[in-house]
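The values are calculated or read from the model by the stated rules, or taken from the named source; none is laboratory data. These figures come from a predicted structure and were not determined experimentally. In this analysis, Cβ positions are derived from the backbone assuming ideal geometry, glycine residues included, and neighbour counts consider all displayed protein chains. Just the protein is used for accessible areas: all its heavy atoms, side chains included, with ligands, DNA and RNA removed. Shrake-Rupley method; radii C 1.70, N 1.55, O 1.52, S 1.80 Å.
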Amino acid sequence: MKGPVAIVGAGYVGLPLAVVFADAGHRVVLVESNPDKVAAVERGESYIADVPSDELKSLVESGSIEITSDYDALNEAQAILIALQTPLSAQREPDLSAVLGAVEDIAPRLQKGQLVVLESTTYPGTTRERLLPILEQSGLKAGEDFHLAFSPERVDPGRDDWTTKNTPKIVGGITPACTARAAELYGSALETVHQVSSPEAAELTKLLENIFRSVNIALVNELAQLCDRMQIDVWEVVGAAATKPFGFMSFQPGPGLGGHCMPIDPFYLTWKAREYDFYTEFIELAGKVNENMPYWCLGKITRALNAHEKALKGSKVLILGVSYKADIDDTRESPALKLIELLQADGADVSYHDPYVSSLPDQGLESSALDPAGADCVVIVTAHSGIDYEEVVAKAPLVVDLRNATGSNGTSNGKVWKL
Ligand SMILES: NC(=O)c1ccc[n+]([C@@H]2O[C@H](COP(=O)([O-])OP(=O)(O)OC[C@H]3O[C@@H](n4cnc5c(N)ncnc54)[C@H](O)[C@@H]3O)[C@@H](O)[C@H]2O)c1
């Protein structure tokens, strides 16, 4: 079947994916519900750091990428790739409402020969148990009249060595023909495709990857807390262990997990496992350790100020870096937000500096000039690469370095307190 590749959801995943398919010679139609994003793409303005505006603009002007909020645009598509958000509800249960709502809109428009792929991270069984019945309400049968598969997005925002194009793409279809069709489509634009036997295997692969990171980060976060008591530099230990060429993989401690994926995705599996009378204890324990890190860091800041004969209440605390990781502008689930909330609740006078994030409306804060000398304590939460940390240490009366950005030796030397 000919026709454009349609991508539903022009967010962190959908927009870079559109560029990769357009670069490979496909016509791409983005279906996006947010009118501001539709207008921005129409103007050729990118709101995703990994997609340069000049590249997007030329693809929009040449007609390679179109964007609309009208689902009727799907009628012509050879493939419909769904890249919508999959958050947790207030009760920390999977919230598939965006994905299922979109699939309800896709079903009446589904055409014979089309391929539908879910890219959103979710629990094993979502594609077969939730999407398939809605799509088959069209009267078309998966594997015969249309193809259905799951293919997880693995993009790591801000990274340029491994991108959407060269990161191997996992695909698992409802039938072998569905897998083959999905592999054919992705293979036409991405460098490597790895086929698995089912959507469930593909869904669980993505969760394993994120759980692996979450558990290992929790391990070093726990070790960091022990090292603090034992007066051992955890960064020195992790760095030394990383010299082992086999059997060890380095993970860094930090103020907690952030982003759309790691604080959320593992709990999709926890929820699903309960259906099988199974308790995912590693996931729960890792979540507990990682979620506690901002509270633990609050204690460290309080101790550091105390050593300088200052109470947290009333002290000027400058948070350096608020995005969830370095050199990006994404603040979703950032541990900096939790830390700011905790500091404010204890009466600290909090300001922040982040070259990537101009304001935090929910916290009522705007990025201020970087003035380490004007603060009682500078807390390095996210170590953006453009900051001169030597200068920060030189000018600030006290630095709590939660990322080892200052590279100072020892556990604390009075002025620099490291995690
Ligand atoms: N951001 C990442 O780094 C990343 C990495 C790997 C996997 N993922 C997964 O990919 C999925 C998408 O994540 P994201 O970060 O791109 O989310 P996002 O919120 O950036 O993008 C979703 C987009 O869909 C739009 N949208 C919402 N409902 C819609 C609807 N009914 N119809 C059309 N558009 C609609 C939103 O306005 C938004 O632009 C999630 O499941 C996420 O876990 C994300």
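What the table below lists for this structure:
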item: Per-selection Rg to Rh, region 366-419 - Cα, Kirkwood hydrodynamic radius; result: 0.93
item: Accessible solvent surface per residue of the chain, calculated while the other protein chains remain in place, 1.4 angstrom probe, Å²; result: 45
item: Order by protection proxy (mean Cβ within 10 Å, highest first), peptides 330-343, 240-253; result: 330-343, 240-253
item: Percentage relative contact order, region 137-218, counting C-alpha pairs under 8 Å, at least six apart; result: 29
item: Whole-Hz couplings from phi, Karplus 6.51/-1.76/1.60, listed for region 153-163; x for Gly and Pro; result: 7, 10, 4, 10, x, x, 9, 10, 7, 10, 10
item: Relative contact order (percent, whole number), the chain, Cα cutoff 8 Å, 6+ residue spacing; result: 11
item: Kirkwood Rh in Å, taken over all unlike Cα pairs in region 208-334; result: 16.5
item: Within the chain, helix-based [θ] at 222 nm, where runs of 4 or more DSSP H residues each add -39,500 (n - 2.57), nearest 500; result: -11000 deg cm²/dmol
item: Accessible surface of S58 - all protein chains present, 1.4 Å probe, nearest 10 Å²; result: 60
item: Spatial separation of Cα centroids for region 319-340 and region 347-419, in angstrom; result: 12
item: Within the chain: Cβ-based charge dipole about Cα centre, in debye rounded to nearest 20 (Lys, Arg +1; Asp, Glu -1); result: 860
item: Residues with amide H under 5 Å from that of I170, placed H, sequence gap 5 or more; result: H194
item: Stokes-Einstein diffusion coefficient of region 19-81, Kirkwood radius over Cα pairs, 25 °C, 0.890 mPa s, in µm²/s; result: 206
item: In sequence order, calculated HN-Hα J values of region 16-24 (Karplus, 6.51, -1.76, 1.60; Hz; x Gly/Pro); result: x, 5, 4, 5, 5, 5, 5, 4, 7
item: Fraction of antiparallel bridges per DSSP, the chain only, in percent to nearest 5; result: 15
item: Carbon + sulfur, % of accessible area of the chain - ligands and nucleic acids excluded, 1.4 Å; result: 51
item: Reachable lysines from K112, criterion Cα separation under 20 angstrom, eight or more residues apart if same chain; result: K2, K141
item: Karplus 3J(HN,Hα) series, Hz, for region 390-403 with 6.51 cos²θ - 1.76 cosθ + 1.60 (x for Gly, Pro); result: 4, 5, 4, 5, 5, 8, 6, x, 7, 10, 9, 9, 8, 10
item: Inverse of mean 1/r across different Cα pairs in region 95-145, Kirkwood, Å; result: 11.3
item: Fraction of the pair-distance distribution of the chain above 42 Å, Cα-Cα pairs, percent; result: 21
